[in-house]
Amino acid sequence: MAESIRHLCTTHSGETVVLQGNIAFAVGCVRAGMHAADGYPGTPSTEVIHRGLSQVQDLITVGWSVNEAVAAAVGHGHSMAGRDCVVTMKIPGLYQAADAFTTGALYSMPRGTLVYYVASDFVPSATQHTIDPRYLFRSCFVPVIEPRDHQELHEAASIAVEVGRAYNTQVVIMPSGVLCHSEGLVRMMPGQTRSPVDVTTCFREFNALPRIARANYDHAVQKRIPALVDMVEESSLNRWTRGSGRMGVITYGVCDMYVREVKAALAPDIDVLSLGFSNPLPLQLISRFCESIDGPVFVIEDGYRFVQEQLLQAGLNVKGKTAEDPLTEWTPALVAERLGFRVAGDGSDPDAVPRPPSICPGCPYRLFGEELAAMRKKGLIDVVFGDIGCYALLYYLNAVDTALCMGAGEAMRQGFVLSRPEEVSRCLAVVGDSTECHTGMDATRNAVFRNIAGVKVILDNSWTAMTGGQPSPTSPYNLAGEKISFDLPASIQAHGARTHVIAAYDRKAVREALNTALASARQGVFSTIIIREGECLRQNEASTQRVKADPDLCRQCGLCLICPGIVKGPDGLPVANQLCSGCGGHTPACVQMCPFAALHPAGIEEPEGSCSPEYPEPQAVPVLPQVAPESLPERLALAVRGVGGQGNLFFGRVLTQLAFLVGYGETNIVKGETHGMAQMGGPVISTFACGHATSPVLMPGSADVLIALEQAEVLRSGFLEMLKPGGTVLLADTRILPQGLPPERYPDHAQIDTVLRDCRVVRYDVLGEALALGDVTGRMANVVMLGLLSTTAPFDRFPVELWWEALRLVNPRRSIWSANYAAFNTGRSMASRAR
């Protein structure tokens, strides 16, 4: 990863690659000559630093701060030093940093540019609300750039720095989460260097004293905004695509992709005005556009009705969403319908398996969740105040009730018991270690300050786990690789709270700590329980520990079936499946749940006569075959559905490399994917398109192939409607029963076949084939399915050598490449045997 990011940051301009939006932006920051980056992890913005800028710390000063407000202030410090800095966050993080954002927005002195990279999630997929921040941006008189595609996102940092320096303002870049997490074709922009701005003579003006604040406001209203309006009116970022003049669309940001997709497929004669800035607006340009249209003019925008309302206030007759319309995130299909065009599909959807996200198999939080759920079942706990993080998923174990915002759970508990003192020993607050360090410690201090009794549980897994495992103050090292000396228990104790430190995988100790702390609450004591000694399993090497049931002792009661990694086997005995993580080598949670001592830790059972699978040496291809451009389909598209953790995203990576190898780099390549909570065992969709394609969100009736890596996921809403007439459904004969779902509610083959009766379906046991190859985790099932795809029209047009090379490029490490090669060829063999 580090070498590939470094190459992209330093290679010649014009090199073409397919990049995730966040990575395209990160590389663009370095190539634009930006000096610094800071932030706090928040989906969908995290990868800018986590996967991007952290890999090239010698080219840019970069780090994670403990929260967004601190990151914003760090950014202001860089700016005062004359350096250009970007601060990354999601929309709720912006509001956490709102004090710094709003005060700093009115600074009008020459300085380095401070860029706020605020990633939106208007679905929402992985955030807590859909509040549109554009109204805040407008009231702060700051320019807002909303990139429309991956190329613009790559170049956005350079534009933002130039605007910030020219108009002495901080700048917002607000990309859609769809753009952040999808991938598209990007041509490397020219590299730039920037000298720091000399601000040594005006430090005293960086102040919030009323006199200075008043002067800054007047300057922003009277000078900055008029100058910015003149700039956006003439900006080359505005695009007017002329049509017949009978219908017009005004759009901006990622919605431009959807509108262009609809225009190409259904409405080639519509006129489109696509805006480069959402604040301020080029009202004169928009007025001229509206005057040129004889028919209706639609505003297509995500979020609420920010642009539409301004145009209506300006007296322009535009159509969009009503004030009561709940739509916050468009798709090409929804755009087409709003413009009056019919799209494929009858609007009906089969019933899908409910599949809420869940904590990972073997998660150190699980035993705590089970104990808390048991206490609630006994009537001992009335309410649990939760917070933002992985532990929010304890909601689905009936172990957490509420979530408001980062660090708010304990403060909510305090308000609750101040109003209802009788509840002090019948409720508690739960927070994670990184959230405690973010803003949660304020409430810990408040409980001590105000002497409010009760119980706060801090689940410490040493990382900011929900967003991919970024370091926090409780981690062993920071982003620079330096050892961290922060001591969470000592810090909490120093606040004056009674502190208990408990091992996460010790069920008895967890239960006793909860009972003791709740009893102390009745005596007027505030206690914190820190549950640790169990790092996030995704940050450690996989454990080879599994579990085995003793058939003589097992009562088949099901009490151990608390985790997706253990299921009831054919004979009724519990067995560890391919999802089992071995609880990181600790005493397995399921073992501790068994009241009959029938379950015991055991090692992975290797195939007889073998310690580890040996895969054949991949066949060398000295010269890759060429594909004639005229033989390429004008457009290819597919969608892959599965369950978080099955490796859906791998498909797009391989297909991206394949598309380059066969020549689609001359047109377009785009890949979409689900991120966030849906990955935690929830439904996941990935899309891929190349050729004459624009949007990572597919139009109904546009996919050549649909792939379901879990058989019930083929029933997910809107999935089958994507399939072209005559297209193919590749269906894995894999069954992943959601935890807690009665087996009878899971559809059988006959029910699924009934829904698919009008489709061409190819069903294979790809998981069984992966397990037969010695892959005890089953993670190679997606590679087996990829081999099957390579034999399916129209993807069978490409030589197998190009598929092999695409597979190798995704992960060339010898051991991985050999295993993937074997699994891919197994998939191809399955297809040939079926014929």
- Task: In nm, give the distance between the simple-model label positions of Ala81 and Ala314, each being 7 Å from the Cα along the Cα-to-Cβ direction.
- Result: 4.1
- Query: Once the principal axes of the Cα atoms of region 261-309 are found, what is the range along each, listed largest first in whole angstroms?
  - Reply: 31, 25, 18
- Return the percentage of antiparallel bridges among DSSP beta bridges fully within the chain, rounded to the nearest 5 %. 35
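Is the shape of region 8-69 rounded, prolate or oblate, going by the alpha carbon gyration tensor and its root eigenvalues a ≥ b ≥ c, with a/c under 1.5 for rounded and a/b larger than b/c for prolate? Walk me through the numbers before you get to the answer.
Details: a/c = 2.68, a/b = 1.56, b/c = 1.72.
It is oblate, given that a/c is not under 1.5 and a/b is not larger than b/c.
Order Leu579, Leu632, Leu459 by their accessible area, 1.4 angstrom probe, all chains in place, largest first. Mind showing how you got there, number by number?
Values: Leu579 60, Leu632 30, Leu459 0 Å².
Result, largest first: Leu579, Leu632, Leu459.
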- Task: Compare the peptides 552-561, 516-525, 707-716 by average per-residue count of other Cβ atoms within 10 angstrom and give them in order, highest first.
- Result: 707-716, 516-525, 552-561
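Students often check this: by mean Cβ neighbours within 10 Å, which of 178-187, 390-399, 162-171, 84-93 ranks highest, and how do the rest follow? Don't skip to the end; give the middle numbers.
Working: 178-187: 25.8, 390-399: 22.2, 162-171: 20.6, 84-93: 29.0.
Descending mean neighbour count gives 84-93, 178-187, 390-399, 162-171.
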- Note on the structure: For Lys378, the lysines lying under 26 Å Cα to Cα, once residues fewer than eight places off in the same chain are dropped, come out as Lys456, Lys508
- Can you spot the lysines whose alpha carbon is less than 24 Å from Lys319's alpha carbon? Ignore those fewer than 8 places along the same chain. Lys263
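So for region 113-235, what are the equivalent ellipsoid semi-axes in whole Å, largest first, each being the square root of 5 times an eigenvalue of the Cα gyration tensor? Walk me through the numbers before you get to the answer.
Numbers: eigenvalues 157, 80, 39 Å².
Ellipsoid semi-axes (Å, largest first): 28, 20, 14.
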- The equivalent-ellipsoid semi-axes of region 533-684, taken as the square roots of five times the Cα gyration tensor eigenvalues and listed largest first in whole Å, are 43, 20, 14
- Item | Two-decimal log10 I(q)/I(0) for region 183-309, as the Debye equation yields it once each C-alpha is a single scatterer, q = 0.14, 0.16, 0.17, 0.23 Å⁻¹ | -0.81, -0.93, -0.99, -1.34
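How many percent of Cα pairs in region 702-787 exceed 14 Å?
Values: 2374 of 3655 pairs.
Value for region 702-787 (Cα pairs over 14 Å): 65 percent.
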- Item | Distance between modelled label sites at Gln523 and His692, nm, 7 Å Cα→Cβ extension | 7.8
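Could you tell me what fraction of 2.2 N^0.38 Å the Cα radius of gyration of the chain comes to, as a two-decimal ratio? All intermediate terms of the calculation are to be shown ahead of the outcome.
Values: Rg = 27.8 Å, N = 835, 2.2 N^0.38 = 28.4 Å.
Scaled against compact globular proteins, the figure is 0.98.
Taking only Cα atoms of region 136-207, what ratio of Rg to Rh do you get with Rh as the Kirkwood inverse-distance radius? Could the numbers behind the result be given before it?
Numbers: Rg = 15.1 Å, Rh = 14.4 Å.
The Rg/Rh ratio comes out at 1.05.
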- Note on the structure: Once normalised by the length of the chain, the mean sequence separation of its alpha carbon contacts under 8 Å that are 6 or more apart gives a contact order in percent of 10
- Item | Inter-site label distance for Asp796 and Gln626 at 7 Å from Cα along Cβ, in nm | 2.7
- Running Debye on region 59-120 with equal point scatterers at the Cα sites and no solvent, what base-10 log of I(q)/I(0) appears at q = 0.21 Å⁻¹? -0.78
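Dividing the convex hull volume of the alpha carbon atoms of region 663-813 by its residue count, what do you get in Å³ per residue? Could you put the intermediate results ahead of the total?
Numbers: hull volume 21.7 nm³, N = 151.
Per residue, the Cα convex hull of region 663-813 comes to 144 Å³.
What are the semi-axes of the equivalent ellipsoid for region 283-441, taken as the square roots of 5 times the Cα gyration tensor eigenvalues, largest first, in whole Å?
Values: eigenvalues 449, 99, 38 Å².
Working through the eigenvalues yields semi-axes of 47, 22, 14 Å.
Take the Cα pairs of region 447-532, get the Kirkwood Rh, then feed it into Stokes-Einstein at 20 °C and 1.002 mPa s and tell me D in µm²/s. If you can, show how the numbers build up before the last one.
Working: Rh = 14.1 Å.
Approximately 152 µm²/s, per Stokes-Einstein.
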- On the accessible surface of the chain, probed at 1.4 Å, how many percent belong to carbon and sulfur atoms? 52
- Note on the structure: Rounded to the angstrom and largest first, Cα extents along the principal axes for region 634-743 equal 50, 28, 21
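For region 386-449, what is the charge dipole size about the Cα centre, in debye to the nearest 20, if Lys and Arg each add +1 at the Cβ and Asp and Glu each add -1 at the Cβ?
I would put it at about 120 debye.
Might you tell me the accessible area per residue for region 108-233, computed with a 1.4 Å probe and given in Å²? List each step's numbers first, then the result.
Working: 4830 Å² over 126 residues.
On a per-residue basis, 38 Å².
Given charges of +1 on the Cβ of Lys and Arg and -1 on the Cβ of Asp and Glu, with all other atoms neutral, how large is the dipole of region 626-705 about its Cα centre, in debye to the nearest 20? Please list the in-between numbers first.
Details: 4 positive and 5 negative charges, 55 e Å.
Dipole of region 626-705, to the nearest 20 debye: 260 debye.
Just list whichever of Lys223/Lys321; Lys568/Lys724; Lys483/Lys671; Lys377/Lys568 have alpha carbons separated by over 28 Å in the model shown. Please list the in-between numbers first.
Values: Lys223/Lys321 33 Å; Lys568/Lys724 39 Å; Lys483/Lys671 38 Å; Lys377/Lys568 24 Å.
The pairs that break the limit, which is 28 Å between Cα atoms, are Lys223/Lys321; Lys568/Lys724; Lys483/Lys671.
Let me have the 222 nm mean residue ellipticity of the chain computed from DSSP H runs of 4+ only, each contributing -39500 (n - 2.57), with the sum over all residues rounded to the nearest 500. Before the final figure, lay out the partial values.
Values: 26 runs with 263 residues, N = 835.
Here the helix-only value at 222 nm equals -9500 deg cm²/dmol.
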- Coarse-grained scattering of region 769-833 at q = 0.28, 0.29 Å⁻¹, given as base-10 log I(q)/I(0) from a Debye sum over alpha-carbon atoms: -1.25, -1.30
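The values are calculated or read from the model by the stated rules, or taken from the named source; none is laboratory data. The structure displayed is predicted, hence computed values, not measured ones. Here Cβ is always computed from backbone atoms with ideal geometry, including for glycine, and neighbour counts include all displayed protein chains. These area figures cover heavy atoms from the full protein model, side chains too; ligands, DNA and RNA do not enter into them. Shrake-Rupley method; radii C 1.70, N 1.55, O 1.52, S 1.80 Å.
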